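Shown next, in structure tokens, is the structure this report addresses.
The values are calculated or read from the model by the stated rules, or taken from the named source; none is laboratory data. Being a predicted model, the structure only gives us computed values, none of them experimental. Cβ atoms come from the backbone with ideal geometry, glycine included; neighbour counts cover every protein chain shown.
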Amino acid sequence: MFLMALPLLKNDMFSRLQEDILALQGFRAPAGARRIDFGLGIMDASFPNHTFPTGAVHEFISNDPESAAATTGFMAGLLGKLMGEYGICLWIGTRPIVFAAALKAFGVEPHRVIFIDLAKEKDVIWAVEEALKCESLAAVVGELHELTFTESRRLQLAVEQSRVTGFVHRVNPRAVNTLACVSRWQITPIASQLEEGMPGVGHPCWRVQLQKIRNGEPGEWEMQWVAGRFEYLPKEAADPAPVYFLQTG
């Protein structure tokens, strides 16, 4: 009986050691709180603890207006789950580019998003760091161009204390440098698939690249947003094409 129990004991010790290591690196499984289901399906296998990391800072890279709009849509889909029914989000940048009413299509009530527009990018970084320290917030979005490793480390340290989730959306950065964020994403639009004989532009469709994820596996998926949830597209259905939504100007 003792010999039969040894493999189970080793597996339990290994699981606890893995959880301890992830916790030290900022990945803590929810304790006594509900686990958020983002509806990401097979993508969850790429994440540590097999769930989208909350209480962490995620980096998103966009190199053109079309990709920036697609990224905003994908982030909004995640924010809708993070905010739930009562959560508040701060959206900080240097100019207003999000059409707030369109956020409702992604499950985000516009009146629960506080938009802050600042004159200088260094002020944006400071405001994002201070906002990430506020435990009352569900999420913080920061739109900027450049971010140093030291600045990103301060953001990550802030969320490890507050457990707030941060999204850093870098539009047209001069360089894609190493940061302390737990993940790096690049979202690009792909052509919507219209039903035959139906008008319109179809559902928002994206090619989602998880370029790096700490203690996880990078990957690439083709997805769309339909009826308030993420859906995966068949590989043969996705062709590159610009799709504009959520952003103006």
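Numbers below:
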{"quantity": "Of residues in region 160-199 being modelled with pLDDT of 95 or more and among the β-branched types (Val, Ile, Thr), the one farthest from ILE125 (Cα to Cα)", "calculated": "THR188"}
{"quantity": "Test: PHE115 is at pLDDT below 95 and surrounded by fewer than 16 Cβ atoms within 10 Å (Cβ to Cβ)", "calculated": "no"}
{"quantity": "Region 134-153, residues that are surrounded by 16 or more Cβ atoms within 10 Å (Cβ to Cβ) and within 27 Å of GLY84 (Cα to Cα)", "calculated": "LEU137, ALA138, ALA139, VAL140, VAL141, GLY142, GLU143, LEU144, SER152"}
{"quantity": "GLY41 touching a Phe, Trp or Tyr at 6+ places or on another chain (Cβ under 7 Å), modelled with pLDDT of 50 or more and more than 13 Å from GLY216 (Cβ to Cβ)", "calculated": "yes"}
{"quantity": "Selection count where residues are surrounded by fewer than 21 Cβ atoms within 10 Å (Cβ to Cβ) and among the β-branched types (Val, Ile, Thr), scope region 36-59", "calculated": "3"}
{"quantity": "Exclusive hit being within 23 Å of ALA102 (Cβ to Cβ) and at pLDDT 70 or above, set GLU217, GLU222", "calculated": "GLU222"}
